[in-house]
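Enquirer: So that we are looking at the same thing, I have put the structure below in structure tokens.
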Amino acid sequence: MPVNFADAINAYANAGKIAGQPGLDAPTGDGKSFGDLLTRATNSVVDSVAQGEKATMQAVTGKADLAQVTAAISNAEVAVQTVVAIRDRVVQAYQDIMRMPI
């Protein structure tokens, strides 16, 4: 099946829109805690991965086109990479704090 490059470009552009999803914005000082921010971000990542899985299943059954599947999987991949990067930074910060002299 030939790849339509316009669809591939659109899918790639859609993959970059994860940063604008709800739950990833900084708190506005209206009483929401850091935990609430993490909960919203985690839910956003879970939703993104679920959409990727759903699109993959639709592709297997022939109900989704390549652009939709590529966009959904790219969104899920970026979301997971973001979570891993944040986790790594938190672990590094914890290790730095543990190395500080008392």
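The values are calculated or read from the model by the stated rules, or taken from the named source; none is laboratory data. Please read these numbers as outputs of a predicted model, since none were measured by experiment. Please note: Cβ atoms are built from the backbone with ideal geometry, for glycine as well, and neighbour counts cover all protein chains shown.
Enquirer: Conditions: (1) surrounded by fewer than 10 Cβ atoms within 10 Å (Cβ to Cβ); (2) part of a helix (DSSP H, G or I). SER48 meets all but one. Number of the miss?
Expert: Among (1) surrounded by fewer than 10 Cβ atoms within 10 Å (Cβ to Cβ); (2) part of a helix (DSSP H, G or I), the lone unmet condition for SER48 is (1).
Enquirer: Which pairs have Cβ atoms under 6 Å, sit 6 or more apart or on different chains, and link a residue in the range 33-59 that is more than 15 Å from GLU77 (Cα to Cα) to one that is at pLDDT below 90 and not acidic (Asp, Glu)?
Expert: Close Cβ pairs (under 6 Å, with a partner that is at pLDDT below 90 and not acidic (Asp, Glu)) amount to LEU37/PRO27; ARG40/GLY23; GLN58/ALA64; ALA59/VAL69.
Enquirer: Inside the range 83-95, can you point out the residues that are farther than 20 Å from LYS54 by Cβ and either among the hydroxyl-bearing types (Ser, Thr, Tyr) or within 8 Å of the chain's Cα centre (by Cα) (or both)?
Expert: Of everything in the range 83-95, just one residue is farther than 20 Å from LYS54 by Cβ and either among the hydroxyl-bearing types (Ser, Thr, Tyr) or within 8 Å of the chain's Cα centre (by Cα) (or both), namely TYR94.
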